[in-house]
Amino acid sequence: MAKEINTIGVLTSGGDAPGMNAAIRAVVREAIAKGKKVKGIKRGYAGLLQEEIVDMEAKDVSDIIQRGGTILQTARCMEFTTPEGQQKGADICRKHGIDGVIVIGGDGSFKGAQKLASLGINTIGVPGTIDLDISCTDYTIGFDTAVNTAMEAIDKVRDTSTSHERCSIIEVMGRGAGYIALWCGIANGAEDILLPEKYDYDEQKLVNNIIEGRKSGKQHHIIINAEGIGHSASMAKRIEAATGVETRATILGHMQRGGSPTCKDRVYASTMGCMAVDLLCEGKSNRLVAYRGGDYVDYDIDEALAMTKSVPEYQFQICKNLSR
Ligand code: ADP
Ligand code: F6P
């Protein structure tokens, strides 16, 4: 018989992402609507191990849907990667009467959820990361806001790059994944896009493109470089030396993780947060909420973590034609 869920814990873990607050709000209010109690676990698994656990009422999530970051704070926690830390976490859940935990985060956080589930605490994951690097889902909370923030920043760099007739290398986040770089590459009309999944380390190709661009009258040359490749500053020096075109590097950094979530992030986060509660109430555990092929679905965490996905080849290829 499925375990009855009376009290639901919710935590955010790993890098924060715009829309996490909308997801927390949805979890709290959907759970209360279903007659459940909710406990907020502060600072991810670190806060769980420190028993930083607070009761949450509907009013505690007022006025947060539009705010970036996470009101529960987030953290990375080495102790929770150990069997002892995981057992301690499960014991603390039991001590606080928490029957199920909703984990909003990325792949690393879901490994933690997997471990809690194996120790008898029902868990559901909600994909929250700007990187879009969770294989089972086409959408992760925060990506839409982050790419829009990056796109606007790159437009600004482009203005000054054009005025000075420079080459600009703009580094965007994404850890090992190139989704932010690909989307900005298309949206900003970048001349070159460097993705970790595709990069061939052929800098001469970049140099040739810049020289060709100059010959055809281009006044700027925007290179979007993904964080997973990095080294934008040294790349800029080499490119300037090889082309004679003044080259600057801009690393957008953590600004991409902040700011008020877009409508899309708020709506997806709200829907996914509610779904996570519904799944727990149905007695499900060790599952991930996902958006795939136009539908909200859920996957077993073990299966989800074993999935792979790659950047869309077609979109990568069209960038070359679109920036001529
Ligand atoms: P993300 O969730 O964004 O991928 P991290 O990889 O930093 O972020 O993981 C967030 C946290 O999840 C880690 O600090 C750790 O507490 C927990 N975690 C990561 N990997 C594991 C694991 N193998 N087992 C248990 N917990 C893990
Ligand atoms: O996972 C989100 C992310 O912003 C990545 O894009 C980046 O690699 C990482 O987190 C940065 O982490 P930190 O905030 O610890 O510098």
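The values are calculated or read from the model by the stated rules, or taken from the named source; none is laboratory data. Owing to the predicted nature of the structure, the values given are computational and were not obtained by experimental measurement. Don't worry about glycine lacking a Cβ; one is built from the backbone with ideal geometry, like all the others, and counts go over all protein chains shown. What goes into the accessible areas is simple: the full protein's heavy atoms, side chains included, and nothing from ligands, DNA or RNA. Shrake-Rupley method; radii C 1.70, N 1.55, O 1.52, S 1.80 Å.
Is there a quick way to get the dipole size of segment 49-114? I mean about its Cα centre, with the Cβ of Lys and Arg at +1 and of Asp and Glu at -1; what is the value in debye to the nearest 20?
Its charge dipole is roughly 160 debye.
Work out, in µm²/s and without decimals, the Stokes-Einstein translational diffusion coefficient of segment 222-324 at 25 °C, 0.890 mPa s, Rh from Kirkwood over C-alpha pairs.
For the chosen part, D equals 135 µm²/s.
Picking from 260, 174, 10, whose Cα lies most toward the positive end of the charge dipole for the chain (charges on Cβ: Lys, Arg +1; Asp, Glu -1)?
The listed residue farthest towards the positive side: 260.
How big is segment 1-127 on each of its three principal axes, counting only the C-alpha atoms and giving the largest first in Å?
Computed over segment 1-127, the largest-to-smallest principal extents equal 38, 33, 22 Å.
With unit charges on the beta carbon (Lys/Arg positive, Asp/Glu negative), name the residue among 185, 210, 106 whose Cα is farthest towards the positive pole of the charge dipole of segment 89-248.
The residue sitting most towards the positive pole is 106.
Over segment 166-289, what percent of the accessible surface lies on carbon and sulfur atoms, probe 1.4 Å?
52
Please compute, for the alpha-carbon atoms of segment 188-266, the extent along each of the three principal axes and give them in descending order in Å.
So the three principal-axis extents are 45, 25, 22 Å.
Give, rounded to the nearest 20 debye, the magnitude of the charge dipole that the chain has about its Cα centre when Lys and Arg contribute +1 at Cβ and Asp and Glu contribute -1 at Cβ.
It comes to approximately 360 debye.
What is the ratio of the Cα radius of gyration of segment 40-83 to 2.2 N^0.38 Å, with N the residue count, to two decimals?
1.32
Is segment 9-65 rounded, prolate or oblate when judged by the Cα gyration tensor, a ≥ b ≥ c being the square roots of its eigenvalues, rounded requiring a/c under 1.5 and prolate requiring a/b larger than b/c?
Here segment 9-65 falls in the oblate category.
Quick one: angle between helix 232-243 and the longest Cα principal axis of the chain, in degrees between 0 and 90, rounded to 10, please.
Helix 232-243 sits roughly 10 degrees off the main axis of the chain.
Quick one: compute the contact order of the chain, relative version, from alpha carbon pairs under 8 angstrom and 6+ residues apart, as a percent.
24
Calculate, for the chain, the solvent-accessible area per residue in square angstrom, rolling a 1.4 angstrom probe over the heavy atoms of the protein chains.
Averaged over the residues of the chain, the accessible area is 43 Å².
How many angstrom separate the Cα center of segment 196-266 from the Cα center of segment 84-162?
Using only Cα atoms, the two centres lie 28 Å from each other.
Rounding to the nearest 10 and keeping the result within 0 to 90°, find how far the Cα-based axis of helix 83-95 lies from the longest principal axis of the chain.
50
Straight-line reach from residue 320: which lysines have Cα under 19 Å away, leaving out those fewer than 8 places along the same chain?
198, 205, 215, 218
As I understand it, the dipole of segment 277-324 uses +1 on the Cβ of Lys and Arg and -1 on the Cβ of Asp and Glu, about the Cα centre. Which of 316, 297, 285 lies farthest toward its positive end?
The listed residue farthest towards the positive side: 316.
Treating the beta-carbon of each Lys and Arg as +1 and of each Asp and Glu as -1, no other charges, what is the dipole magnitude of segment 141-265 about its Cα centre, to the nearest 20 debye?
About 140 debye.
On C-alpha positions alone, give me the angle between the axis of helix 263-281 and the longest principal axis of the chain, in degrees, nearest 10.
That helix lies at roughly 30 degrees to the long axis.
Using the Kirkwood radius over Cα pairs, work out the Stokes-Einstein diffusion coefficient for segment 144-279 at 10 °C and 1.306 mPa s, in µm²/s as a whole number.
Answer, rounded: 101 µm²/s.
Given all pairs of different Cα atoms, what value in angstroms does the Kirkwood hydrodynamic radius of the chain take?
For the chain, inverting the mean 1/r across all distinct Cα pairs yields 20.6 Å.
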